[in-house]
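Shown next, in structure tokens, is the structure this report addresses.
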Amino acid sequence: MSMLKNLFIGLSKNELMNSAAKKYGLKLGAQSVVAGTNIEEAIKSIKELNSQGISCTIDNLGEFVYKEEEALEAKEQILEVIEAIHTNELDAHISLKPSQLGLDIDFSFCLSNLQEIVSKAYKYDIFINIDMEDHARLQPSFDLLDELSKDYDNVGTVIQAYFYQSEENIEKYKNYRLRIVKGAYKEPEEVAYQDKKDIDTNFIKLIEYHLLNGKFTSIATHDHNIINHVKEFVRKHNIPNDKFEFQMLYGFRKDLQLQLAREGYHFCTYVPFGSDWYGYFMRRLAERPQNINLVTKQVFNKKTNTVLGIAAGAFLLGRLSKRRNK
Ligand SMILES: Cc1cc2nc3c(=O)[nH]c(=O)nc-3n(C[C@H](O)[C@H](O)[C@H](O)COP(=O)(O)OP(=O)(O)OC[C@H]3O[C@@H](n4cnc5c(N)ncnc54)[C@H](O)[C@@H]3O)c2cc1C
């Protein structure tokens, strides 16, 4: 993993930077990839995407939740988003993270928050996707899915191709709507492929398996090589367009998003919004450091102190990790 990638992954977990970011609103160029800090701003973006034939999955950003009241607040906000999807007749569903709803506090507490969300969404026929986080939260997240599936069928999750155990999981969860991704967190070689080639090979293998055997497949990637491979694969195997969709993140490869929708493929944009944008944004920078252009452009346009912000973060992180290593 490159130094820059390590730096951004490290920064994404920096709680000091995270709480500072929450206070100061969208900065560092994050507004290019985060659809605002409140639901009204997000709805505006979603309506625009819907008008272009693109559906959306909405992520009310949140992580580092260790207090019950914060998890309850996140739950209320997600319930509001579900109501907003219904009343505005948006072509949209929900993506959420278990840690945001209290997984790190208590499993049963998190499950009861999720039950409330999934039950409300079920009434409005809205799908809920459980996003996958790091390896420590992998099995508990599948356990949440197992519990929720006892009562509801409007719930699915994500399979991360970098994990060795993903092949087993995709077989186990083949009757679910699944999003397949490469994987965004830094994982050790005991549990995950490290080499890009191995991850890509497994990614294609999992996508093909679910397209042939599974329920609905969301292929979530900005990688045109993978997308082209999938287009060819579905053509060759006569897989109808209503069995799969492509997904990309808000603000990334907008031309390609639109092009795929215009070609007649189902396309879904992942729309993150909210004040808790910092960890999400740092992970995006870690994936593709070229995205740092997003940051520098903002610096030149608005003369903000963003570079200083990043440098300060890096400095802080260095100090903190040195202290931990001591
Ligand atoms: C909708 C969605 C949901 C996700 N949900 C999760 C989740 O729940 N859990 C999780 O761990 N991860 C999630 N991810 C992140 C995912 O795991 C990857 O980390 C992320 O998508 C980067 O991998 P990639 O497949 O897009 O391509 P990469 O491996 O980053 O890039 C491959 C190639 O594609 C091209 N490319 C990539 N990005 C661009 C760009 N912006 N502009 C031009 N060319 C580009 C370049 O040629 C690049 O070399 C999600 C991703 C998406 C899109």
Q. Are any residues in region 234-251 on the phi < 0 side of the Ramachandran plot and within 16 Å of the ligand (Cβ to nearest atom), and if so, which ones?
A. Phe244, Glu245, Phe246, Gln247, Met248, Leu249, Tyr250
Q.
Being loosely packed, with under 13 Cβ neighbours inside 10 Å, at pLDDT below 95 and farther than 30 Å from Tyr265 by Cα is the requirement here; does Leu16 meet it?
A. yes
Q: For Tyr122, indicate whether it is touching a helix residue (DSSP H, G or I) at 6+ places or on another chain (Cβ under 8 Å), closer than 24 Å to Asp91 by Cβ and away from the ligand (no atom under 13 Å from the Cβ).
A: no
(Q) For Ile170, only one of the following conditions fails: (1) closer than 27 Å to Ala92 by Cα; (2) touching a Ser or Thr at 6+ places or on another chain (Cβ under 8 Å). What is its number? (A) (2)
Q: For residues that are assigned to a helix (DSSP H, G or I), in contact with a strand residue (DSSP E or B) (Cβ under 8 Å, 6 or more places away or on another chain) and closer than 30 Å to Tyr193 by Cβ, tally how many sit in region 115-142.
A: 4
Q: Report, by residue number, each residue of region 228-253 that is aliphatic (A, V, I, L, M) and closer than 15 Å to Lys215 by Cα.
A: Val234, Ile239
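Return the only residue of Ala161, Ala136 being loosely packed, with under 15 Cβ neighbours inside 10 Å, within 15 Å of the ligand (Cβ to nearest atom) and either under 16 Å from Asp59 (Cβ atoms) or at pLDDT 95 or above (or both).
Working: Ala161 fails: loosely packed, with under 15 Cβ neighbours inside 10 Å.
None of the others qualify; the one that does is Ala136.
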Q: Kindly indicate whether any position in region 231-249 is out of contact with any His (no Cβ under 9 Å at 6 or more places or on another chain), in a helix (DSSP H, G or I) and either modelled with pLDDT under 95 or not charged (D, E, K, R) (or both).
A: yes
Q. Taking into account only those residues within region 80-104 that are in contact (Cβ under 8 Å) with a residue 40 or more places away in the chain and surrounded by fewer than 17 Cβ atoms within 10 Å (Cβ to Cβ), which is nearest to Thr269 (Cα to Cα)?
A. Asp91
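Can you tell me how many residues within region 258-288 are more than 13 Å from the chain's Cα centre (by Cα) and closer than 24 Å to Tyr185 by Cα? Give the derivation first.
Start the filter on region 258-288 by keeping residues that are more than 13 Å from the chain's Cα centre (by Cα), which leaves 258-267, 274-276, 278, 285-286, 288.
When the remaining residues are screened for being closer than 24 Å to Tyr185 by Cα, the result is 274-276, 278, 285-286, 288.
Going through region 258-288 one residue at a time, the tally reaches 7.
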(Q) So Gly62 passes all but one of these: (1) assigned to a helix (DSSP H, G or I); (2) within 14 Å of the ligand (Cβ to nearest atom); (3) at pLDDT below 95. Which condition number does it fail? (A) (1)
Q: May I ask you to list pairs of residues, at least six apart or on different chains, whose Cβ atoms are under 8 Å apart, with the first in region 252-272 being on the phi < 0 side of the Ramachandran plot and in a loop (DSSP other than H, G, I, E, B) and the second being within 10 Å of the ligand (Cβ to nearest atom) and aromatic (Phe, Trp, Tyr)?
A: Tyr265/Phe246; His266/Phe246
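In region 165-190, which residue that is in a loop (DSSP other than H, G, I, E, B) and loosely packed, with under 14 Cβ neighbours inside 10 Å is nearest to the ligand (Cβ to nearest atom)? Talk me through it step by step, then tell me what you get.
Restricting attention to region 165-190, the residues satisfying the condition of being in a loop (DSSP other than H, G, I, E, B) are 165, 173-177, 182-190.
Among the residues that remain, those that are also loosely packed, with under 14 Cβ neighbours inside 10 Å are: 175, 188-190.
Values: Asn175: 19, Pro188: 15, Glu189: 17, Glu190: 17 Å.
It comes out as Pro188.
The values are calculated or read from the model by the stated rules, or taken from the named source; none is laboratory data. As the structure is a computational prediction, the values presented were derived from the model and not from experiment. Counting neighbours? That spans all protein chains shown, and the Cβs are built from the backbone with ideal geometry, glycine included.
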